[in-house]
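The values are calculated or read from the model by the stated rules, or taken from the named source; none is laboratory data. Everything numeric in this text was worked out from a predicted model, so none of it was measured. Note: ideal-geometry Cβ built from the backbone for every residue, glycine included; neighbour counts use all protein chains shown.
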Amino acid sequence: MLPADLRTAEAELLEALRSALDSGPRGRWTVDLRFEGLRLLAPVLRLAQALAEEGRGFRLLFADAGAAALARRDGAGLAERIASVADALRARRGGGGPVPEEPLLLVAPSQAEYDTVAELCEGHAGAVVLINASLEDAAVGIGSVARQRRRGFLAGWEAAYALIPRAGGALRRAHPHDWEVYRLDRDGYRLAASSPQRPDGEQLDALLAGEQASGLAGTLRSVDRLLEGLQN
């Protein structure tokens, strides 16, 4: 069942991330909450606070120094755990930095941080979680060797949690359960299929191409309602 609002999604995310982290000490995990207009900082700080209250060690790393400073301001109780990806890597090169076994939560790293993220991850013995990462290049002006290296690095990651709206439906995964595809029908979102593997684009399009008796306008209104609920 799809979550009704953002707080419900956050509760699902916390449970799924617990399951993922507890499944092995060196996992490589992704978290995706792909809603347009979603302000990610507050949900991430609430997630980190819940993990801290459970006594879990971790580092919360942001894409740049400005984002890390904002997070320390808004999450003062977590300030000692917060840094930028570049600062964490520099600290480790200097003999400090994250504890080798503690999980790293990397928030919204982009293509610009790919090399830093890759080096940090490759040298880290503990789990790593990419939250709303966009590390894949757009294949414009990037050599084929670099693209293959980047895709190879990302191929080994598994989704701990994903909640991704699509036109006419949504894609969801909460570890350890299967991927689920929800199709928007006349009476709301209905489970269309589940699979151990994430469906590719063609499979997803086929699953979402079921009956849409409510018409395009009704579909767009329902998607808007889902987005509004998950942003409040």
Scanning the stretch 21-34 residue by residue, the ones that are surrounded by fewer than 18 Cβ atoms within 10 Å (Cβ to Cβ), of a type outside the set (D, E, K, R) and over 16 Å from residue 104 (Cβ atoms) total 1
Six or more apart or on different chains, Cβ atoms under 7 Å: show the pairs whose first residue is in the stretch 82-103 and within 23 Å of residue 27 (Cβ to Cβ) and at pLDDT 90 or above and whose second is surrounded by 16 or more Cβ atoms within 10 Å (Cβ to Cβ) and of a type in the set (Ser, Thr, Tyr). 85/116; 89/116
Residue list for the stretch 185-208, filter: outside any strand (DSSP E or B), within 14 Å of residue 166 (Cα to Cα) and without any contact (Cβ under 8 Å) to a residue 24 or more places away in the chain: 200, 201, 202, 203, 205, 206
On the given criteria, is residue 126 touching a Leu at 6+ places or on another chain (Cβ under 9 Å) and either part of a helix (DSSP H, G or I) or at pLDDT below 80 (or both)? no
Of the candidates 174, 167, the one satisfying the condition of being under 19 Å from residue 33 (Cβ atoms) and surrounded by fewer than 20 Cβ atoms within 10 Å (Cβ to Cβ) is 167
